[in-house]
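So the structure is just underneath, and the comments pick up after that.
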There are 2 protein chains.
Amino acid sequence: MPIDPHSSRALYRQLADELRSKIYSGELKPGAQLPTERELMEQFDASRNTVRLALGQLANEGLTVSGRGRGHFVRASAPLLFLATRSESPDRRANTANDAWTTDVTAQGRTPAQTIEVSIVRPPQNVASLLELEEGETTALRTRLRTVDGEANSLSMSYFPMSIVATTEIVQPDDIVRGANRVLAEIGHDQVRYLDQITARMPTPDERDALRIGAGIPVHEHVRVGYDADDVPVRVAVTVLPADRHIIQYELANAQ
Amino acid sequence: MPIDPHSSRALYRQLADELRSKIYSGELKPGAQLPTERELMEQFDASRNTVRLALGQLANEGLTVSGRGRGHFVRASAPLLFLATRSESPDRRANTANDAWTTDVTAQGRTPAQTIEVSIVRPPQNVASLLELEEGETTALRTRLRTVDGEANSLSMSYFPMSIVATTEIVQPDDIVRGANRVLAEIGHDQVRYLDQITARMPTPDERDALRIGAGIPVHEHVRVGYDADDVPVRVAVTVLPADRHIIQYELANAQ
DNA sequence: AAGTCCCTGTTGTTGGTACAACTGGTGCTA
DNA sequence: TAGCACCAGTTGTACCAACAACAGGGACTT
């Protein structure tokens, strides 16, 4: 019995440790139900507050989920989906009726869909700096909510300097089947170099809402800056990916 | 007054929303102290438990930190540090007394250090599968805890198939200044291709401990598989990076 | 001037209670 | 058989109380 009331470690932490190790060891398998709060109260001679503190800890670590009237369950390990970065390779874009992402997802046997909104905005500070914009310059913003099999999947915001795209179809709220990148290329701003920065954080309430993100699940924030042949940044794409549904993958050839 | 006791939204959620929006709007700046729990109890006419539920929510989102006897504070935004992936480019490794990471960190004006442990282990399932090992095969494991300016920074575990490295200095618990990759190259297993997979999750208690990770901060798990010219996987490096201290960066040239 | 002690204020931990809201099953009814 | 009503069980929300542990400042001592 690993519960020691004389230990300096808080009781609820010991309880959380106990349950956590049962999850890691496999004694409690994904999908399995944990003991009810009442059972844990009796087993460990603790108050309900204490038991709930421990269970809350596990939930915040992304290990468990719970539902009113149902119980606490070990989170079923996610049906992982790939974001193949590097899928913008040139030969992928031409001639197909779909963009690279749609093709990727379809290839995995899932059903993709997306809604697009377009607006003209002053970009956030970090985007403005990546695009090397002057104070007050505006951008076209194409916001994309992607769904797979009807479930929200990722949220992508692409910023284009208005000074470059003002007269193109990028500012039209339509799906551009051949890809916005191709439009850029047609007006002489083909992207020849990318800079990717990946951060991880807990989602904002808006994101939790839009992407149906459970408690204890972080998000990737994937920022891609595209540069044209003159080294001018022509696009910043910010993609928010719930971490339980996405692995970001890169394939690198060791040049030389 | 956004607090509505008749709302269906739980009181502690409304309170959390209220405080959160003050943080996002900048009314509460990084480092600023939030009202004390007693003050919040009075302002919102709520019990201490309810107030603490709201504050706990913010902490789990990584927005605030608290300390016994001190108070609750808006988390000071992180002094971000870069992990320049792609720093293994060939010309970087030769002739220097330091490895690529040490060079990188020093270039940023910080003081790096690392401790290395070596052992022979049966690798975890996912690593075994990435290395295409048979059941029961063992690997050399070099575990590296890196610190910057005396603070724990990242945890890296590199697995090498014993069938390849058994007779090399990789199994010795010493620092290999020219890099383990170079040793691999010398015995005919130069890595010409990498596969990187990046996931994000909440840290395990061990990791929280070893890397001093605050509540509400996720980690990146960066997995790199190195393949030699015969497409044989010769190394799997798993690196755990606290997300408040690391941005993962890739530079990509659009081949052709 | 420097150090020590203590006191106050703060968060951390743990106990208790009550009711609301929801799930899943049981058994009844049409 | 299908549908409905109900009930027991479970988690969610909210309240109250008490003590522990720690930080920081003020007062006092040396």
Discussion item. Any residue at all in the range B:197-217 that's of a type in the set (K, R), in contact with a strand residue (DSSP E or B) (Cβ under 8 Å, 6 or more places away or on another chain) and touching a residue at least 60 places away in the same chain (Cβ under 8 Å)?
Written reply: yes
Item to complete: Working carefully through the options A:S47, A:S25, A:S66, find the one that is surrounded by fewer than 13 Cβ atoms within 10 Å (Cβ to Cβ) and either within 11 Å of DNA strand D (Cβ to nearest atom) or closer than 23 Å to A:R208 by Cβ (or both).
Response: A:S47
Worksheet item: How many residues does the range B:20-43 contain that are at pLDDT 90 or above, among the small types (G, A, S) and in a helix (DSSP H, G or I)?
Response: 1
Fill in: From B:S163, B:S158, B:S154, residue being within 13 Å of B:V236 (Cβ to Cβ), modelled with pLDDT of 85 or more and in the same structural domain as B:T106 (by TED's automatic domain parsing)
B:S158
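The values are calculated or read from the model by the stated rules, or taken from the named source; none is laboratory data. The structure displayed is predicted, hence computed values, not measured ones. Reconstructed Cβ throughout: ideal geometry from the backbone, glycine too, with neighbour counts over all protein chains shown.
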